[in-house]
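Student: What follows is a structure written as structure tokens; I'll ask about it next.
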Amino acid sequence: MLTPAIVRRNTPQRYRMEAQKCAKCGKVFFPPRVVCACGSRKFKGYTLPKEGKVITHTVIRTAPRGFGDEAPYCMGIVELSDGSRILCQIADCEPERLKIGLEVAIEFRKIQEAGESGVIAYGYKAVPAR
Ligand SMILES: [Zn+2]
């Protein structure tokens, strides 16, 4: 469930694909962390690239509450052009078309409409590259 507090806290990542790059070793974290694996606490802002390819995937046929209208839908891990990996929905893609290596673009899309409150949550999804 996307509560307003979670939506607010995650807004920079969800809306703008803002990650962090360790100032010491260069490792990229998405979502951001407080401490890097190298022990450093110094990070620079880093925006993830908007293109990549599917490295693994699945089709959700029994969706969790709030996503039932969308089933079946595709989910996958996308390796972005800089090597970063993100988990996201792969939209505008028939399950039969989904395959490892599929080139995708990351787009800003509606994620969920929260029940009676009508709050619409937005975030990123991958779509097959044109
Ligand atoms: Zn580091």
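Student: Can you classify the chain as rounded, prolate or oblate using the Cα gyration tensor, where a ≥ b ≥ c are the square roots of its eigenvalues, rounded means a/c under 1.5, and otherwise it's prolate if a/b beats b/c and oblate if not?
Tutor: Verdict is oblate for the chain.
Student: Let me ask something else. Going toward the positive end of the dipole of the chain, with +1 on Lys and Arg Cβ and -1 on Asp and Glu Cβ, which of Ala23, Pro95, Thr47 do you reach last?
Tutor: Sorting the options by dipole projection puts first Ala23.
Student: Rank these by accessible area, largest first, 1.4 Å probe: Lys125, Lys21.
Tutor: Working: Lys125 15, Lys21 70 Å².
Result of the area sort, largest leading: Lys21, Lys125.
Student: Count the lysine pairs in the chain that are 8 or more places apart or on different chains: how many have C-alpha atoms under 23 angstrom apart?
Tutor: Lysine pairs meeting both conditions in the chain amount to 19.
Student: In addition: Where the centroid of each part is defined by its Cα atoms, how far is the stretch 11-64 from the stretch 82-107 in Å?
Tutor: Between the Cα centre of the stretch 11-64 and that of the stretch 82-107, the gap is 16 Å.
Student: Modelling each spin label as a point 7 Å along the Cα-to-Cβ direction, I'd like the Ile120/Lys24 distance in nm, to one decimal.
Tutor: 4.4
Student: Sort Tyr122, Tyr73 from largest to smallest accessible area, using a 1.4 Å probe on the heavy atoms of the protein chains.
Tutor: Tyr122, Tyr73
Student: How large is the accessible surface per residue of the chain, computed with a 1.4 Å probe and reported in Å² as a whole number?
Tutor: Per-residue accessible area for the chain comes out at 63 Å².
Student: In nm, to one decimal, how far is the modelled label at Arg97 from the one at Ile77, with both set 7 Å along Cα→Cβ?
Tutor: Once both label points are built, they end up 2.4 nm from each other.
Student: With charges set only on the Cβ (+1 for Lys and Arg, -1 for Asp and Glu), what does the dipole of the chain come to about its Cα centre, in debye to the nearest 20? Show your work: numbers first, answer last.
Tutor: Details: 22 positive and 13 negative charges, 177 e Å.
So the dipole magnitude of the chain works out to roughly 840 debye.
Student: Right, here's the next one. Keeping all protein chains in place and using 1.4 angstrom, which order do Met75, Met17 fall into by accessible surface area, from largest down?
Tutor: Met75, Met17
The values are calculated or read from the model by the stated rules, or taken from the named source; none is laboratory data. Predicted, not measured: the structure shown is a model, and the values here were computed from it. Positions of Cβ are generated from backbone atoms using ideal geometry, with glycine treated the same way; all protein chains shown enter the neighbour counts. Surface areas here come from the heavy atoms of the whole protein model, side chains and all, with no ligands, DNA or RNA. Shrake-Rupley method; radii C 1.70, N 1.55, O 1.52, S 1.80 Å.
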